């Protein structure tokens, strides 16, 4: 069936490399491309390549930046330069920014330690993080995900920071707002109990 | 947050138009594009545009074809030219071909009738289907999906075919092989009972 459609085969094979396109969806996306008009498609492709060219990681925090080498957060004078929030990915930074609660700087690790997947300290931006600790930063907040990998990454960084006079904290674990205790796993409930706060 | 990243904003806005990329995944796909190497990305874009150019609908059955105006199935002399299987989309054709059971021709409608979504008979290839019924085709098998839209589309086509001497059938409804009666809905069980066959 596919043998007579080499270009479609090639397209599907390349789309399969894109994460979050489950196998069935790859065909549906390919069909969308074939059915939508040529101009939209050319624009999409041009934009993908344009974004790839224009967006570079910030030289301080590895957040994405465009047109400058330092990102908007690092170069803003409204941000508290003494607090550093360590996140795994840009999505986490984006989620924290959307919450609008945090006014310090960030550091994007680029993932979490995962020896089985070949992600060691050198694959992340841990060395760059250690170099940033030149005295201006007074507090580090670990906002890695509450997964084994995220926790291990935070512990590793903590062991590397050593005896520097930096206050270190991590995000609170507990029951999410709006959810129901009934549906929470026991580890979360345990953490929520341990971390209980005066009313 | 996004204001300083206009190209990323543009990319995300264009990716959002692609179906089957749920809102959260759009960002993940955008991040994948930014992180993967430039060459892979250029290849992907080139392939998308190449596929758009190369693949055209078959002039008989509207299956995709490449390099020819008639698809591999319509032009094959191993296929039974007296049987026509009517499917909604190319995915359905692909699924039927994969089953390897069917040796006749196809007709891809391009969807199912859905007045609420603005899909009327003129948006589908129903007229082209009627034109194909010039006497060579002896049997039509409706393989539209067992949804209200699919059933309505089959009924509409049946009413249009009129009194031509064509045998018309549709795919059997019933319990899928490997599944369990326990998990079947009552309509399916009802259909399976109605369509029971001698053992």
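Within region B:139-191, the ratio Rg/Rh, alpha carbon atoms throughout and Rh by Kirkwood, equals 1.08. The helix-based estimate of mean residue ellipticity at 222 nm for chain A, built from -39,500 (n - 2.57) per DSSP H run of four or more residues and divided by its residue count, is -12500 deg cm²/dmol to the nearest 500. From the alpha carbon centroid of region A:129-199 to that of region A:32-73 is 32 Å. Taken along its principal axes, the alpha carbon cloud of region B:79-170 reaches lengths of 37, 32, 18 Å, longest axis first. Give me the log10 of I(q) over I(0) for chain A at q = 0.09 Å⁻¹, as the Debye formula computes it from C-alpha points; what are the numbers? Reported log10 I(q)/I(0), two decimals: -0.51.
Return the FRET efficiency for the residue pair residue A:187, residue A:127: r is the Cβ-Cβ distance, R0 is 30 Å, and the value is rounded to the nearest 0.05. Given R0 = 30 Å and the Cβ-Cβ separation, E is 0.40. Taking other C-beta atoms within 10 Å as the exposure proxy, B:114, B:180, B:173 rank B:180, B:173, B:114 from fewest upward. Annotation for residue B:196 and residue B:179: the two label points, set 7 Å from Cα along the Cα-Cβ direction, are 2.0 nm apart. With a Förster radius of 35 Å applied to the C-beta separation of residue B:101 and residue B:50, the computed FRET efficiency comes to 0.60.
Taking label positions 7 Å along the Cα-Cβ direction at both residue A:40 and residue B:161, the computed distance is 3.3 nm, reported to one decimal. Computed from Cα atoms, the angle from the helix B:6-15 axis to the main principal axis of chain B rounds to 10 degrees. Rounded to the nearest 10 degrees, the inclination of helix B:23-35 to the longest alpha-carbon principal axis of chain B is 60 degrees.
To the nearest whole percent, what portion of all C-alpha pairs in region B:87-126 is separated by more than 12 angstrom?
59
Here the contact order of chain B, divided by its residue count and restricted to Cα pairs under 8 Å and six or more residues apart, works out to 13 percent. Rounded to the nearest 10 degrees, what's the angle between the helix B:90-99 long axis and the longest principal axis of chain B, both from Cα atoms, 0 to 90? Approximately 60 degrees, to the nearest 10.
Counting only DSSP beta bridges with both residues in region B:79-170, tell me the antiparallel percent, nearest 5.
The antiparallel proportion sits near 5 percent.
Each 10 Å bin from 0 upward holds the following percent of the Cα-Cα pairs of the protein assembly as shown: 4, 17, 21, 19, 16, 13, 8, 3, 0, 0.
Each reported figure results from applying straightforward, stated rules to the coordinates on display, with no laboratory input. Just so we're clear, the structure is a prediction, and the values are computed from it rather than from any experiment. Please note: Cβ atoms are built from the backbone with ideal geometry, for glycine as well, and neighbour counts cover all protein chains shown.
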